[in-house]
Each structure stands twice: as C-alpha cells, then as structure tokens.
Amino acid sequence: MISREPPKSRAREWLGVLTLAGYATIVLLATLWPTPLDQGYEASIDKLFSVLYRNGVPLWFGYNKLEFTANVFMFIPLGFLVALLLSARIWWLALIICPAASIAIELTQSLVLTARFATVIDVVSNSIGAIIGILIAVILRAIVEKRDQKVIARVLYQRGIPDSC
C-alpha cells in the first residue's frame, strides 16, 4: 500500500497571506505616515492619563511607556503571521525578517519623513513584540502538531494498522 501525504490547505495559506498583507499595510500606514499619529491629540492624551492615574495606574507609566507598549503590541500580530506562514523548518527566519522590517521602517522615518523620529527604542519594542508573536506561533504550531500525531495514531489504531507504517 502506497501512502501519500494529504494535500495542503491552500485556502488557509491564502487567508494567512491576505491577513499578513492587510496587517502589514496597516503597520506601514501607521509608521510611515508623514506626521506622527498622535500629533494634535495632546489634550486627549493628557485626559487619558488623568483618567488612568485616577484609576490606579502608577505615575511612572507615562507617555514613553505607553508608546513603547503600543509598539510591542503592534508587532505581535506581525511576528505571529510571519512565523505561521513560513514552513515549520524555517520559522526562525521570522526572527530576522521582523526586526529587519522594523529597522527599515525606522530608517525610512529618519531619511525620508522629516516630521517623524526614528529611534533605537522603537526597533527594540517592535522586535520584542515580534518575538512574542513568533513564540505564540511556534507554541501553537507545536500544540497542533502534537494533537495531529494523536489523531493519526488513533485512526491507525482503529484501522488496525501498526504505528510503524
């Protein structure tokens, strides 16, 4: 009996590619917009912090911490999607691709966008977010692989086929 591998789900791949393209577009618009996205919203940001501080957020959590955290969260989905779209053997390339994308964004801000500020701390926060997303993808992939192995073993057992086939 010749055993063939089942076909890959192209629909899942296309969904991943389209989701990544859409999310990358949002990230690029947010990071490469000619002016900072918070420009003109200083009063609203101050009101937000007043509410946060009144509700127990520590005073050390200021605008820089908020921006750092936002950058981390912005790159989590990017790292997750890139790691999932790469094959299981080369998922680690996401560890290079995502920080490289962040560096490219910051260089573009520095060289092309006069109203934007490129910082190393943005690259660090973006990279931390990407690494978190990559780790989530790797863990999820391992869980699914373990589950699939159990399902396959059960089907083989039910059919009376030895595991070694």
Point to revise | Condition broken by Gly133, with the remaining ones in (1) in contact with a Pro (Cβ under 7 Å, 6 or more places away or on another chain); (2) over 22 Å from Pro77 (Cβ atoms) satisfied | key: (2)
Exercise for review: Filter the range 26-69 down to the residues that are over 15 Å from Thr108 (Cβ atoms) and among the polar types (S, T, N, Q), then identify the one that is surrounded by the fewest Cβ atoms within 10 Å (Cβ to Cβ).
Suggested key: Asn55
Study note, to complete from the structure: Of Ala88, Ala21, Ala101, the only residue that is of a type in the set (Gly, Ala, Ser), surrounded by 14 or more Cβ atoms within 10 Å (Cβ to Cβ), out of contact with any Gly (no Cβ under 6 Å at 6 or more places or on another chain) and under 30 Å from Val144 (Cβ atoms) is Ala101
Practice item. List the number of the failed condition for Ser9; all other conditions in (1) under 20 Å from Val138 (Cβ atoms); (2) modelled with pLDDT of 95 or more; (3) surrounded by fewer than 11 Cβ atoms within 10 Å (Cβ to Cβ) hold. Key: (2)
Practice item. Quick one: Ala104 ticks every box in (1) within 22 Å of Ile136 (Cβ to Cβ); (2) assigned to a helix (DSSP H, G or I) except a single one, so which number is it? Key: (1)
Study note, to complete from the structure: A careful count of residues in the range 87-146 that are closer than 25 Å to Arg12 by Cα and among the polar types (S, T, N, Q) gives 1
Practice item. Evaluate the following for Ala83: is it touching a Pro at 6+ places or on another chain (Cβ under 7 Å) and either at negative phi or not in a helix (DSSP H, G or I) (or both)? Key: no
Check your understanding: Taking the range 107-128 as the region of interest, how many residues are surrounded by 12 or more Cβ atoms within 10 Å (Cβ to Cβ), assigned to a loop (DSSP other than H, G, I, E, B) and of a type in the set (A, V, I, L, M, F, W, C)?
Key -> 2
Check your understanding: Can you find a residue in the range 47-70 that is under 13 Å from Ala137 (Cα atoms) and touching a Gly at 6+ places or on another chain (Cβ under 8 Å)?
Key -> no
Review point. Residue check: is Leu78 in a helix (DSSP H, G or I) and touching a residue at least 40 places away in the same chain (Cβ under 8 Å)?
Key: yes
Check your understanding: Among Ala118, Ala94, which is the only one that is of a type in the set (Gly, Ala, Ser) and modelled with pLDDT under 95?
Key -> Ala118
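The values are calculated or read from the model by the stated rules, or taken from the named source; none is laboratory data. All figures in this text were calculated on a predicted structure; none of them were measured in a lab. Quick reminder, even Gly has a Cβ in these numbers, built from the backbone with ideal geometry, and neighbours come from all protein chains shown.
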